[in-house]
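The values are calculated or read from the model by the stated rules, or taken from the named source; none is laboratory data. If you're wondering where the values come from, they're calculated on a predicted model, not measured in any experiment. Here Cβ is always computed from backbone atoms with ideal geometry, including for glycine, and neighbour counts include all displayed protein chains.
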C-alpha cells in the first residue's frame, strides 16, 4: 500500500520551495509593481484637446463623466468650463477613451487613489487660465486661414476691395462710450488696454468684434479683464 | 433518439393540440412554438419523452406591455438541436403551470421569474423569492416597477 | 426542523447552523442554512441574493455597448467568458460578423480565462480543505495569466476587452512570448499540483465518493459544464454547438464517470491541458487583419427579435437571452442563464447525509461564483 | 559549562541559608524563582515560535513572512501582543460568563505546569517527579477540558462544534499516545523523565522504537490540534471553532497556550526519542532547545503542506490504524526485551 508516499511527495515539494530564493511578493511601498503599458490607473483629461462634444459622457455606462459647458451668448459656441470625473463609479471599461475623437482622455498609471471621503475622489478639471488665450489663438488661426482663403478667392475674382483689417484703428482710439460699455469702470478700461497692448492678435479680434458683434466683444473684454485681475492677484500672492 | 425533424415534430404537436392552442413561430434565429399556457407542461412532456429534448437550458419571462411571455429553451444534448417554446399570459393575473416535475432544473428558474417578474407558477412546490429579500415588495423586472419609490425606501434605510 | 429523534439513550435534536453569508468558504455571499444532526447534514437551504446587483434591470437602461463592462462583473473570475457570450449574442441579434483576427484573439483570451478560473477553483478547493500552500501555488500560476490580461486590456480581472464586432485592442508584442511560455510551463505546474494536491492521500480520501451526483440527476437539474462531465455525460458546447470558430480546433472533452468531488476535480485539471492545446493552435494560426468589424457608433436592433446564445463558460452553460426592440439601442429584456445559479440547485441534494466538512468540499467542487448566481 | 544552572541554584540556596532561612524556605524560594524562569521561557519561546511559524509558512509559500519590524521582522510578535493586549475585551451577552472567562486562564495555567517535569539538562528539572511521564500526559489531556469550556461557555454553535470535535479527538488520540509510550517505559523501566533520558546515553530510543515514534508523532499532532488535525478551529469550516467568540487578550491566551503546548510536547518528544540532553559539542542545556526547535519545524512543515483530515476519517484512523500499531509495538518491544536478555545471557 502506497499510503503515505503521496504525503511525502507533497512534503518534498514544499521543502524545495522553502529553500528556493524566489518570492512571489512585491515589497509594496518601497518596491513598485511592474505595470504593463496599457494599465488603467486613473482617467486623465487634456483640457486643450477637448471640443466639448459630449461623446464620452454618452458612452459612459455609469455616468462617471460630466461636462460643465457654458454657452456663449448669441453664438452657438460651447465653452467648456469644467470637466468632472467621478472615479468612485468608474469601471475602467475604456469606452470613453475609445469614443473620444480628439484624444482628450487617456489613462495614467496612478493606482493609489484611496481618499478619506467620497467627495475627494472626484477629479475636477477646471478651466485652466491659458485656455482663453489658447482658444482665442486658435480662433484667430482659424480666422486667419479663413481670411487667407477668402483673400485667395477674392484675388482670383480680382475684386477691387482691399482687406479691411490691416488699416483699422486701435481699441484705445475708440470712443469713450464704447470703451465704457466694454469694460465698465476706468480702472478696468486701463487694464483692458494694457492687456491688449501686449497681445496684438486679441486686440485685432476684439476690434473686429466691436464692429460686428458688440455683445460678444463685451464678454471677451470682461473675460480678459477678469483674467488679468486674477493673474495680478496671484502674482501678488507669489 | 429520434432524428430531428422540425416539420414532423410540429405537425405531430399540431395534430394533438389543434391550431388555436399552438402556433408556429419561426424566426431568423430560432425555431419556436407559441403555445397556450395550459398545455405547456404537456407539450414539454411530449418534447422531452418522444423527441429527446432532455435539457431545459433556460426559462425566463419577458414583460410586454399587456402580457407576459414565458420562454423555454429546450436542447437535445449532447447535440445542438434546439427549439423555443413560448407562451403568453395575461398581465393581470399571471398564472403559469409549473414544470418542475418534468424538469427539476426549472425549480429555481421559476422561483427567479416569480421573484423578479411576478409570474405565479402554479404547482411549484416552494414558490418563494430566491434573489431578493423575503420582505421585498414589488417585482423589479416589470416595466412599470417604480424605481424611484424603491430608491426612497433604500435611502430611508440608509438614514437610520 | 426540530423533528425529535429519540434514541434509546438520550433524546437528541437537529440544530441549524447558518453557514454564511459571511463565511470563509462560501465563495462569496451565499447563505446556507444547514440542518445538522451532530456532524451529519440533514438538509441545506441555499439562500441567495447577497450579491444581487440587478444586472438584468440595468441592461434595459444601457446601450448594447455600454452593457459589456457589466457582463464581466457576472463571473468575475473568468474575465473574458461572460463578455464573449454577451457580445456574440448581440452580434447574432444585430447580424454583425466579427473579423477573423478578432475571433482568434477572442478564443485565446477565452481559453486563458478558463484556465485562470479553473486554477482558482483548484486552488480554493485546496484552501477550503486546509491546504493553504497548494492554493498559493495555484494563485502563483494564475498570476501569470492576470499579467497577460493586463498586457492586453489594461485590467487584470474584470477585463472589458471585447466589443461588439471584435475586440478593443490588438494583442501587444510582448503577449506572444508570455503566452507561449505559460503554455510551455503548464505541464510542469500541473505536475506540481499532482504532487501537492492530487497525490495527497488525505485529500483523496476527502474527495473520493463525496457529493456523488448521478448522470440522471445532473441532467435533470440542468447541471452543465465540468460538473456535468464529471458525472459521465459527454457534453461540451464548444464541440457540440460550436460558437465562434471553435470548430477549427482539435481538442478533447475530458469526462469522468465518477460523479463525485474527486471526478469534478480531475475533470478540471484535465481541462487545463485541453485549453492550453486550443490556445497553442490559435496562436499558431493567428491571421493578420482588422481587430474589429466596422460597426455603427450606436448599435440598434433591426427588428423585434429575441436571441438565445450560450457558450461553454468555465462554470457551465452561460447563456444570454436578449429581446431586442426594433430601432432601439437598448435591449427590451436581457436574461442571463447563469450556470453557477443552476448548478447550485443540486447542492442540498448532494450534501444530504454527508458530513459537515463535506459541505465545504461540495461547494468548492461545484465551483459557483456568487456574483454570477445572484446577478 | 554543563553545570552552570545547577551551580547557580546551589549558590542561591546557600546564599539564602546564609541569610538565616531554613532549608525548606530556601528551597521554596528557589522553586518560585524556577517557576518564574519557566514562565519567562514560555513567553519568550512563544514569541519566537509565532514569528518562526509565520516566517516558515512564508518561505514555504514563496512569500517573505513578517519582515517589517526589526531585523527579519523579529519584533512583529511583540507588536501583535501589544495590539492584542490593548484590544477591547468583548464578553458577549449570552455567554456563560464564568466558564467563558476562566477557560483561557485554566488553559494557560495547565500548559505552563507541563514544563515543571521536563528535564532541560541533567538534574535540571524543576521537580523531577518519579511519575513524570504520567504527570505530563494526564495534564496535557486536561487542556481539552478548557477547550470544551470555551466552546460550551461561548454559547455559539460553531464554538460548540469545535469543542465537541476537540473532545472526540482527544479521547481518540489519547489512547494511541499513551500506548505508544508504553514501549519506552518497558525498555527504560521508569516513568521518571530524567531516567528515560539517561537511558539514552548510548543509543537513542528512536532506533529502538521507530513504530512508537510514528504513532506518538501523529497522536501528538492530533493532541496539539495542529497540522492536518486542527479540527477544533478549522477556520475554513468553523470560522474559528471553539475560539470564535474570544477577542483580545483572552484569545491571545489561547494562542499562547497552544504554542506552549507545542513546545512542551516537542520537548517531551525530544526527551523520549531523541536522546534529550545527550549530544556532542554543545552544553547539555542547549541540546534540548535545539532538538525541540527542529521537531517544531517539522510540525510547521506538516501543517503548511497538508489539507485538513475529515473528522470521521480522523477517528477511524486512530481506532483502526494507530491503536493496533501501538499495540503491536508493545508486543514487539516485549519480544525484543526478552530476546535481548536471552542474547545477553548467552
Check: Out of all the residues in segment C:35-70, which are under 17 Å from the mean Cα position of the chain (by Cα) and without any contact (Cβ under 8 Å) to a residue 40 or more places away in the chain?
Finding: C:70
Next item on the list: Select from segment C:348-375 the residues that are within 11 Å of chain B (Cβ to nearest Cβ) and touching a strand residue (DSSP E or B) at 6+ places or on another chain (Cβ under 7 Å) and write down the one among them that is surrounded by the most Cβ atoms within 10 Å (Cβ to Cβ).
Entry: C:375
Notebook entry, point to check: Can you name the number of the only condition in (1) at pLDDT 75 or above; (2) out of contact with any strand residue (DSSP E or B) (no Cβ under 6 Å at 6 or more places or on another chain); (3) outside any loop (DSSP other than H, G, I, E, B) that residue A:124 fails?
Noted result: (2)
Check: Restricting the search to segment A:133-154, which residues are exposed (fewer than 11 other Cβ atoms within 10 Å of the Cβ) and closer than 19 Å to residue A:199 by Cβ?
Finding: A:142
Next item on the list: Considering each residue of segment A:85-94, count those that are facing another protein chain (nearest Cβ under 8 Å) and either farther than 20 Å from residue C:152 by Cβ or in contact with a helix residue (DSSP H, G or I) (Cβ under 6 Å, 6 or more places away or on another chain) (or both), and give that number.
Entry: 2
Note to self: Can you say whether residue B:25 is more than 12 Å from the chain's Cα centre (by Cα) and farther than 27 Å from residue C:238 by Cα, as far as the supplied structure shows?
What the structure shows: yes
Next item on the list: List every residue pair whose Cβ atoms sit under 6 Å apart, with the two residues 6 or more apart in sequence or on different chains, where the first one lies in segment C:238-257 and is more than 14 Å from chain B (Cβ to nearest Cβ) and the second, anywhere, is surrounded by fewer than 18 Cβ atoms within 10 Å (Cβ to Cβ) and assigned to a loop (DSSP other than H, G, I, E, B).
Entry: C:257/C:232
Margin query: Please go through (1) facing another protein chain (nearest Cβ under 8 Å); (2) farther than 25 Å from residue D:58 by Cα for residue C:132 and return the number of the only condition it doesn't satisfy.
Written below: (2)
Item checked: Residue ranges of helices (runs of 4 or more DSSP H) in segment C:18-95 with at least 3 members crowded, with 19+ Cβ neighbours inside 10 Å and touching a strand residue (DSSP E or B) at 6+ places or on another chain (Cβ under 6 Å) -> C:81-94
Next item on the list: Answer with yes or no whether residue D:108 is surrounded by fewer than 16 Cβ atoms within 10 Å (Cβ to Cβ) and away from chain C (no Cβ under 14 Å).
Entry: no
Next item on the list: Identify the residue in segment D:188-232 that is free of Cβ contacts under 8 Å to residues at least 40 places away in the same chain and part of a loop (DSSP other than H, G, I, E, B) and, among all such residues, is farthest from the other protein chains (Cβ to nearest Cβ).
Entry: D:189
Notebook entry, point to check: Does segment A:95-107 contain at least one residue that is at the interface with chain C (Cβ under 9 Å from one of its Cβ atoms), surrounded by 16 or more Cβ atoms within 10 Å (Cβ to Cβ) and part of a loop (DSSP other than H, G, I, E, B)?
Noted result: no
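I need a count of the residues in segment C:318-347 that are away from chain B (no Cβ under 12 Å) and within 23 Å of residue C:27 (Cβ to Cβ).
Residues meeting the conditions: 0.
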Check: All but one of (1) more than 14 Å from chain C (Cβ to nearest Cβ); (2) without any contact (Cβ under 8 Å) to a residue 24 or more places away in the chain; (3) out of contact with any strand residue (DSSP E or B) (no Cβ under 9 Å at 6 or more places or on another chain) hold for residue B:50; which doesn't?
Finding: (2)
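One residue is enough: does segment C:212-219 have a residue meeting the conditions under 23 Å from the mean Cα position of the chain (by Cα), within 12 Å of another protein chain (Cβ to nearest Cβ) and without any contact (Cβ under 8 Å) to a residue 24 or more places away in the chain?
Yes: one or more hits.
crowded, with 24+ Cβ neighbours inside 10 Å, on the phi < 0 side of the Ramachandran plot, away from every other protein chain (no Cβ under 14 Å) and under 11 Å from the mean Cα position of the chain (by Cα): does that describe residue D:262?
Yes.
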Notebook entry, point to check: How many residues does segment B:103-128 hold that are out of contact with any strand residue (DSSP E or B) (no Cβ under 8 Å at 6 or more places or on another chain), assigned to a loop (DSSP other than H, G, I, E, B) and either within 18 Å of residue B:87 (Cα to Cα) or within 11 Å of chain C (Cβ to nearest Cβ) (or both)?
Noted result: 5
Check: Residue check: is residue A:44 within 12 Å of another protein chain (Cβ to nearest Cβ), over 30 Å from residue A:213 (Cα atoms), surrounded by 13 or more Cβ atoms within 10 Å (Cβ to Cβ) and modelled with pLDDT of 80 or more?
Finding: no
Margin query: I'd like the full set of residues that are part of a helix (DSSP H, G or I) and farther than 15 Å from residue A:220 by Cα, limited to segment A:174-196.
Written below: A:176, A:177, A:186, A:187, A:190
Item checked: Residue identified as modelled with pLDDT of 90 or more and within 28 Å of residue A:107 (Cβ to Cβ) among C:161, C:182 -> C:182
Item checked: Subset of segment D:50-78 [away from every other protein chain (no Cβ under 14 Å), in a helix (DSSP H, G or I) and touching a residue at least 12 places away in the same chain (Cβ under 8 Å)] -> D:50, D:51, D:76, D:77, D:78
Next item on the list: Look at residue A:114 and say whether it is in contact with a helix residue (DSSP H, G or I) (Cβ under 7 Å, 6 or more places away or on another chain) and in a loop (DSSP other than H, G, I, E, B).
Entry: no
Note to self: What pairs come out if I take residues in segment A:126-137 that are in contact (Cβ under 8 Å) with a residue 24 or more places away in the chain and pair them with residues that are outside any helix (DSSP H, G or I) and surrounded by 12 or more Cβ atoms within 10 Å (Cβ to Cβ) whose C-beta lies under 7 Å away, six or more apart or interchain?
What the structure shows: A:126/A:82; A:127/A:80; A:127/A:81; A:127/A:82
Notebook entry, point to check: Which of the residues that make up segment C:316-359 are within 23 Å of residue C:23 (Cα to Cα) and under 18 Å from the mean Cα position of the chain (by Cα)?
Noted result: C:338, C:339, C:340, C:341, C:342, C:343, C:344, C:345, C:346, C:347
Next item on the list: Collect the residues in segment D:294-303 that are touching a helix residue (DSSP H, G or I) at 6+ places or on another chain (Cβ under 8 Å) and more than 11 Å from chain A (Cβ to nearest Cβ), keeping them in residue-number order.
Entry: D:295, D:296, D:299
Check: Given the conditions (1) within 11 Å of another protein chain (Cβ to nearest Cβ); (2) in contact with a helix residue (DSSP H, G or I) (Cβ under 6 Å, 6 or more places away or on another chain), and given that residue C:66 satisfies all but one, which numbered condition is not satisfied?
Finding: (2)
